[in-house]
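K.L.:
The structure follows.
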Amino acid sequence: MNVISAKIGQPVSRIDGFAKVTGQAKYAAEPHPPGLLYGVIVNSLIARGRIEAIHDEAARAVPGVIEVMTHHNRPHTALFEKSYVDGLGVPGSPYRPLHDAEIRFNGQPVAVVFAETFEAAREAAMLIQVDYERWPHNADFDAALYQKYMPSKTRSNYVPPKTRGNASEAYALNPIKIEGRFHLAPEHHNPMEMHATTVIPEEDGTLTVWDKTQGPQAVQTYLASALSLSGKKVRVRNPYVGGAFGSGLRAQHNVFLAALGAEMLKRPVRVTLTRPQMFTHVFRPEAVMDIALAADRDGTLQSIIVEGVTDTSRFEHNMENLVIWGLIGYKCPNATADYKIAPRDTYTSSDMRAPGAATGVNLFEMAIDELAWACRMDPLAFRRHNYSDIDAMHNMPFTSNALREALLLGAERFGWNERPLAPRSLRDGKELIGWGMATGIWDAMFSPTSARARLTSDGRLHIATAASDIGTGTYTILVQTASEAFSMPIDRIDIELGDSTLPECPTEGGSWTAASAGAAVWLACQSLCEQFLKLLKKNKNTPDWMKQDEITVAEGELHGVRNGSPVALSLQDALSFIGQDSIEAEETAKPGLRGKISEMRKARFTHSAVFCEVRVDEDLGIVRVTRLVNAVAAGRIMNPKTAASQVRGAMVMATGMALHEESLMDERYGRFMNHNFAEYHVPSHADIPEMDVLFVDEKDKEISPLGVKGVGEIGMCGTAAAIANAIFHATGKRHRNLPIMSGA
Amino acid sequence: MRNFSYSRPGTFDEACRVTEHTRFLAGGTNLIDLMKSDVERPAHVTDLKSLSMNQIEELPDGGLRLGALATNADTSAHPLVIRHFPVLASAILAGASPQIRNVATNGGNLNQRTRCHYFYDPDMVCNKRSPGTGCSARGGRNRIMAVLGTSEACIATFPSDMCVALAALNATVNLHGPKGERSVALRDYHRLPGEAPWIDNVLQPGEIVTSIDLPSVSFGEHYTYLKIRDRLSFAFSIVSVAVGLEMESGLIRRGYLALGGVGTKPWCVPEAEALMKDKPPSHSLFRDVAERILEGAVVDRDNAAKLKLAPRVIERALWQAAEGTPQSQTCKTIR
Ligand SMILES: Cc1cc2nc3c(=O)[nH]c(=O)nc-3n(C[C@H](O)[C@H](O)[C@H](O)COP(=O)(O)OP(=O)(O)OC[C@H]3O[C@@H](n4cnc5c(N)ncnc54)[C@H](O)[C@@H]3O)c2cc1C
Ligand code: SF4
């Protein structure tokens, strides 16, 4: 390991990489306590109705089966609906697993079989027969659109669109316009690791819960409340998470059912979902956006009208910030937007990587491309001309916005100025070549977070916070932060994450962890260092040179001046003077008064500029993405290696959004039918070209204590549009439905 | 998956002794998958891997015999296959992934089952899985389903790539059963669903595929396997075409052609192949061939795009073969 270059901003390789590739990293389904029972969930095969009877005799007869848990025999759980509300804040009445006989979505758990072996549980689950009373349902999105509505209580993070000017009048008056319905198919998160929970009842009466989640403390609170346990009894751990993309934001039914099973049977229990079962819970909502844009003859945007709808379940009102992005980013004098949700009889859609923006930015940027071409303007020039230097919707300045630099940098790397304006201008053999671009925008968020730093007598620094590393590199950047804040080589830093008992940290999501947990670790380390030096100075046993103001910690040693010449001492030896085994500091990073005022007065976003080349075999409807360049402005980059990997991963996902990924709903049953990886297509290696990820230098003291914005989601925003726009440039044909499938 | 018993017999005669609830196991990439999904529920699994049938050997007439247990990977990499039957090597490489091909066998490939979403989901009614229950795919999400050879009872494709090339090559399947040995032309091996879609092929209870014979052909470079799918690798075909042309002084002496992804079995129309006899390649000829092959196609809710696409893929493949520029399976540019 390269120990020297370990500070913030260095391309340090993942410190958890070795544990992961050697199988030492333990995931939620991997603890193996003695007496473990295996739970397999039985799912409803209807979308709406009532369970009339559950025939479990055959299942119970399978050797090794211990119990079949249903709504009839489950242990007592919380009485009131509100006890089942989780941290995500989706209004409505939360789904309560095995609560009663009512079926509200296809795939709803109706029973859990617990057995001594996984094989027995699985076989028995297959033998369970359920009689249903079927009620009519609707799972068709187009039909649901007729019932679209605005819930009376909105999600806490919902940003209502603000109208300015008179958009419909401007649309009527201006000469150049486009108008159309843009659509995105539903997608499933499909992290590599499927949702799983292992629950271990400990001897002291507490429950240890290993769960695949993005928020161990949120799951802890949820379980304590929903299962009517006192808060203290449950400890939730998720030290390693094999991707989540938002599927681990809410406590999924596996964790509830596993904990319920452990309560019922007083034994350790594990519940894992299969890949098909991963299609029975959260997904990115299907969306339509009706977009109308108008410009004057100079190519100045004069009117933006957006009406967007995403789907939700019949029982919860999931919402996204879908329609606001164009109104924020473009300096158009007349703009209006409307957003509604459409209910169908499915599970509740949920946040998936860049929720709202992945859909809203990409579809809007496809429409902007149409208008640029209608104005016969280069799409980059059109954006430069119309882009706003302030948040045009809230009329607020940005804390920082290096989009202009990103556009320049990306265009230069791509060679954009060689691009002929007209579509169908570039050809190589049977392939048409197209160049497209789009811009991206995503929230730069900060949430109050706590962290603990401890120096121990062996001279090691221990960092702890309840943050989750969902595969993004959080362990690594937090160690880098600690290394710089305390001045300690990284091989002497230990870090603990993913445990509800650690200092408070909000659920990992929205790309805020780097900024927030980073700031908390920074503060804790600084505070620890100050405390350490103060203790040395005031201790009566320490030699005189340690009482001087000059002493500092540098590269894991204590430095000072004795008799005019420099002196260094190991931290172990320094600590031994104090007579304490360890010293510790815990700090909370919060916006503070200045930060709160800044939040009211300034807009906070990351930006990106994406450039894409595609080759299209028009005859056969085959699209190949051959180049992707993404220039990202995201404040201070803590680790260019893990950051670029985040952006690249999102670009792969966005390529899937543009060309491959679609969960196929069969409305007749309310079930997503292509529920496996052979038929739900994520991009393969062959679909992904070399990708260039560039970071624009963006100094921002105001955004968060370390000047960090976060990069987990920005790569989604714009990339799919750049691909769709490149297809237009290649072929002259517009596609307004994503994904754009072969043969289409 | 449900409990089952298992045996690994050493002789063909032993292996042939089966009940209605026996399944043969080769590479397991399809069977085990289906057992986990509760689609296949064998009471007994007879593992074939101890039987000696993994060789690839030359036949006296210049043809080749492919053992049923030879893996897809070994077959596609075999020097004799590459030299004499490159269209087969190409078709195999167009399928699945290297990891799967390393385990999947030729016999298993021939007998793999459909990828119909509804077949794969035991909660859905499906005639192929549960005789007489109905077909959920009709009127459903059937973009990947067949347009040729379908019936009221079933519209599922037979998904193999390898078998499309085998059909074009007029391969023969050799069987060993309780009543002895017999051979069946590959083109007759798979069945149309008709009213009994649960019977995929002509294999009788207890019969084992022992090998596949390829008669010698002389296509030279005049062949191709062109596969269109929903991503550039690792997806089943939407439309695929295997072509071999015997060319002589600019004329097609004989043309061999089979379609995948669109039919309920590898789709061959001898009359369409006969159209090419002694003709020079031309757009009008290839259009006629495509039209003739696709005659009688029926589309359902979501799969009309296949029918739009298929003639273009057929024509492109025929040109690739005629011009001696076969499709590469690594470079994704389509010539
Ligand atoms: C994710 C995925 C993607 C795939 N993509 C493709 C693709 O793009 N193109 C493609 O062509 N294929 C594809 N395949 C299918 C793959 O080619 C088949 O699964 C494989 O060829 C089956 O071979 P096996 O030896 O593993 O068969 P097994 O799973 O062992 O058996 C399959 C069936 O054949 C029967 N069987 C096997 N051997 C014999 C024998 N000698 N005699 C009689 N019956 C026998 C078995 O009883 C069973 O019913 C894919 C598979 C997967 C899992
Ligand atoms: S198409 Fe065939 S395999 Fe698919 S559901 Fe219908 S009967 Fe079953």
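K.L.:
I need the Kirkwood Rh of the range A:83-225: take the reciprocal of the average 1/r across all distinct C-alpha pairs and report it in angstrom.
P.N.:
Numbers: mean 1/r = 0.0474 Å⁻¹.
Its Kirkwood hydrodynamic radius stands at 21.1 Å.
K.L.:
In addition: Go through the range A:415-431 and flag every residue whose accessible area shrinks by 40 Å² or more with all protein chains in place compared to the isolated chain (probe 1.4 Å).
P.N.:
The answer is A:K430 - residues whose exposure falls by at least 40 Å² when every protein chain is included.
K.L.:
Is the C-alpha gyration tensor of the protein assembly as shown telling us rounded, prolate or oblate? Criteria: a/c under 1.5 is rounded; beyond that, a/b larger than b/c is prolate, otherwise oblate.
P.N.:
prolate
K.L.:
On to the next question. Averaged over A:665-677, how many beta carbons belonging to a partner chain fall within 10 Å of each residue's beta carbon?
P.N.:
Mean shielding by partner chains, rounded to a whole number: 5.
K.L.:
While we're on this one: Less than 13 Å Cβ to Cβ from A:A357, Lys/Arg counted +1 and Asp/Glu -1: what total charge do the surrounding residues give?
P.N.:
-3
K.L.:
Out of the trypsin sites (Lys or Arg not before Pro) in the range B:29-120, which ones are loop residues according to DSSP with at most 14 other C-beta atoms within 10 Å?
P.N.:
Those that pass, being in a loop and sparsely packed, are B:K49.
K.L.:
Using Cα positions and a limit of under 23 Å, work out the lysines in reach of A:K153, with same-chain residues fewer than 8 apart set aside.
P.N.:
Partners within reach: A:K82, A:K162, A:K340.
K.L.:
Compute the distance in nm between two label points, each set 7 Å from the Cα along the Cα-to-Cβ direction, one at A:K331 and one at A:M396.
P.N.:
About 2.0 nm, to one decimal.
K.L.:
Moving to a separate point now. Shape verdict for the range B:223-322, please, from the Cα gyration tensor: rounded (a/c under 1.5), prolate (a/b greater than b/c) or oblate. Spell out each step's value before the answer.
P.N.:
Values: a/c = 2.21, a/b = 1.61, b/c = 1.38.
It is prolate, given that a/c is not under 1.5 and a/b is the larger ratio.
K.L.:
So for A:W210, A:W325, what's the accessible-area order with a 1.4 Å probe, most first? Mind showing how you got there, number by number?
P.N.:
Working: A:W210 40, A:W325 10 Å².
Sorted descending by solvent-accessible area, the residues read A:W210, A:W325.
K.L.:
Only sites in a loop by DSSP and with at most 12 other Cβ atoms within 10 Å count here; which chymotrypsin sites (Phe, Trp or Tyr not before Pro) in the range A:24-82 make the cut?
P.N.:
A:F80
K.L.:
State in Å² the accessible area per residue of the range B:5-49; use a 1.4 Å probe, count heavy atoms of protein chains only, and round to the nearest integer.
P.N.:
Averaged over the residues of the range B:5-49, the accessible area is 51 Å².
K.L.:
I'd like the accessible area for A:F18, computed on protein heavy atoms only with a 1.4 Å probe and all protein chains in place. Round to 10 Å², please.
P.N.:
Approximately 140 Å² for this residue.
K.L.:
Dipole size in debye (nearest 20) for chain B around its Cα centre, Lys and Arg Cβ +1, Asp and Glu Cβ -1?
P.N.:
Charge dipole of chain B: 840 debye, to the nearest 20.
K.L.:
Sticking with this one: Can you pull the one-decimal nm distance between simple spin-label points at A:S83 and A:D389, each 7 Å off the Cα toward Cβ?
P.N.:
5.7 nm
K.L.:
Continuing with the same structure: Give me the net charge for the shell around B:R2: Cβ to Cβ below 14 angstrom, other residues only, Lys and Arg +1, Asp and Glu -1.
P.N.:
Neighbourhood net charge equals 0.
K.L.:
I'd like the FRET efficiency for B:D33 and A:M150, computed as 1/(1 + (r/R0)^6) with the beta carbon distance as r and R0 of 41 Å, rounded to 0.05.
P.N.:
For R0 = 41 Å, the calculated efficiency reads 0.35.
K.L.:
Another one. How large is ³J(HN,Hα), in whole Hz, for each residue of the range A:268-280 in order, when computed from phi with the Karplus curve 6.51 cos²θ - 1.76 cosθ + 1.60 and θ = phi - 60°, using x for Gly and Pro?
P.N.:
x, 9, 10, 10, 10, 8, 8, 4, x, 5, 5, 9, 9
K.L.:
Each label point is 7 Å from the Cα along the Cα-to-Cβ direction; what then is the distance between the points at A:A172 and A:D296, in nm?
P.N.:
About 1.9 nm separates the two model spin labels.
K.L.:
Rank B:S130, A:S663 by accessible area, highest first, at a 1.4 Å probe radius?
P.N.:
B:S130, A:S663
K.L.:
Turning to a different aspect of this structure: If you take every residue apart from B:G63 with its C-beta less than 11 Å away from the C-beta of B:G63, what net charge results, scoring Lys and Arg +1 and Asp and Glu -1?
P.N.:
With Lys, Arg at +1 and Asp, Glu at -1, the net is -3.
K.L.:
Place a +1 charge on the Cβ of each Lys and Arg in the range B:111-210 and a -1 charge on the Cβ of each Asp and Glu, then give the dipole magnitude about the Cα centre in debye, rounded to the nearest 20. Could the numbers behind the result be given before it?
P.N.:
Numbers: 11 positive and 9 negative charges, 30 e Å.
Dipole size: approximately 140 debye.
K.L.:
Taking amide H atoms as placed 1.01 Å from N in the peptide plane, list the residues 5 or more away in sequence, or in a different chain, whose amide H sits under 5 Å from that of B:G134.
P.N.:
Amide H neighbours of B:G134: B:C126, B:N127.
K.L.:
Related question: Search the structure for amide H atoms under 5 Å from the amide H of A:V561, placed 1.01 Å from N in the peptide plane, and list their residues when 5 or more places away or on another chain.
P.N.:
Counting only residues 5 or more places away or on other chains, the set is A:V567.
K.L.:
Given the -39500 (n - 2.57) contribution per DSSP H run of 4+ residues, what per-residue ellipticity at 222 nm results for the protein assembly as shown, rounded to the nearest 500 deg cm²/dmol?
P.N.:
One gets -7500 deg cm²/dmol as the mean residue ellipticity at 222 nm.
K.L.:
Here is a further query. Taking R0 as 25 Å, what FRET efficiency do you get between A:R134 and A:D100 from their Cβ-Cβ distance, rounded to the nearest 0.05?
P.N.:
0.90
K.L.:
Using DSSP to define loop residues, name the GluC sites (Glu not before Pro) in the range B:220-298 whose beta-carbon has at most 15 other beta-carbon atoms within 10 Å.
P.N.:
B:E221, B:E295
K.L.:
In addition: Equivalent ellipsoid semi-axes for the range A:590-682, as square roots of 5 times the alpha carbon gyration tensor eigenvalues: give them largest first, rounded to whole Å.
P.N.:
Taking √(5λ) for each eigenvalue gives 36, 22, 13 Å, largest first.
K.L.:
How would the range B:5-49 be classified by its alpha-carbon gyration tensor: rounded, prolate or oblate, with rounded meaning a/c under 1.5 and the a/b versus b/c comparison settling the rest?
P.N.:
Judged from the Cα gyration tensor, the range B:5-49 comes out oblate (a/c at least 1.5, b/c at or above a/b).
K.L.:
Relative to the Cα centre, what is the charge dipole magnitude of chain A, using +1 at the beta carbon of each Lys and Arg, -1 at the beta carbon of each Asp and Glu, and rounding to the nearest 20 debye?
P.N.:
Roughly 1180 debye for chain A.
K.L.:
Also, quick follow-up: Around A:I176, which amide H atoms from residues at least 5 apart in sequence, or from another chain, sit under 5 Å from its own amide H, with H modelled in the peptide plane?
P.N.:
Correct list: A:A295.
The values are calculated or read from the model by the stated rules, or taken from the named source; none is laboratory data. What you see is a predicted model, and the numbers here were worked out from it, not measured in a lab. Don't worry about glycine lacking a Cβ; one is built from the backbone with ideal geometry, like all the others, and counts go over all protein chains shown. Heads up: the accessible areas ignore ligands, DNA and RNA and are worked out on the full protein's heavy atoms, side chains in. Shrake-Rupley method; radii C 1.70, N 1.55, O 1.52, S 1.80 Å.
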